[in-house]
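Some notes on the structure that comes next.
The values are calculated or read from the model by the stated rules, or taken from the named source; none is laboratory data. Please read all numbers here as calculations on a predicted model, not as lab measurements. Ideal geometry is used to build each Cβ from the backbone, glycine not excepted, and the neighbour counts take in all protein chains shown.
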Amino acid sequence: MNYLEHTTILKTNNEEYKKVRLQKYNNTTYKATNKYYINGKLVTKHDRFMCVNAMDNAHPSSLLDTERSWVK
């Protein structure tokens, strides 16, 4: 199995929003999971919605860091 981890970070108004997408590939399919963090803390429910909304509405140039790496 191969895993591709894609990390995106947005810093705005003294808040740091982070999205970590982990894609698992095999020979026929792939599966992806997304985790969202605000100021380094894993968030769920309403806070997750706020994080997703902030990242979706942000201008692409304001996304400070995007990184892709293969992990095992």
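In this structure, does Arg21 turn out to be in contact (Cβ under 8 Å) with a residue 60 or more places away in the chain, of a type in the set (Lys, Arg) and in contact with a His (Cβ under 9 Å, 6 or more places away or on another chain)?
no
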Applying the selection to the stretch 13-31, what residues are within 15 Å of Leu63 (Cβ to Cβ) and surrounded by 13 or more Cβ atoms within 10 Å (Cβ to Cβ)? Glu16, Tyr17, Lys18, Lys19, Val20, Arg21
I'm trying to understand the selection: among the residues of the stretch 40-61, which are part of a helix (DSSP H, G or I) and either of a type in the set (Lys, Arg) or surrounded by 11 or more Cβ atoms within 10 Å (Cβ to Cβ) (or both)? Lys45, Asp47, Arg48, Phe49, Met50, Cys51, Val52, Asn53, Ala54, Met55
Restricting the stretch 24-41 to residues that are within 22 Å of Lys72 (Cβ to Cβ) and touching a Lys or Arg at 6+ places or on another chain (Cβ under 7 Å), the one modelled with the lowest pLDDT turns out to be Tyr30
Could you tell me which residue of the stretch 18-36 is nearest to the chain's Cα centre (by Cα), considering only residues that are more than 11 Å from Thr8 (Cα to Cα) and of a type in the set (A, V, I, L, M)? Leu22
Taking Asn34 as the residue in question, decide whether it is polar (S, T, N, Q) and in a strand (DSSP E or B). yes
Determine whether the stretch 41-60 contains at least one residue that is farther than 22 Å from Tyr3 by Cβ and among the small types (Gly, Ala, Ser). yes
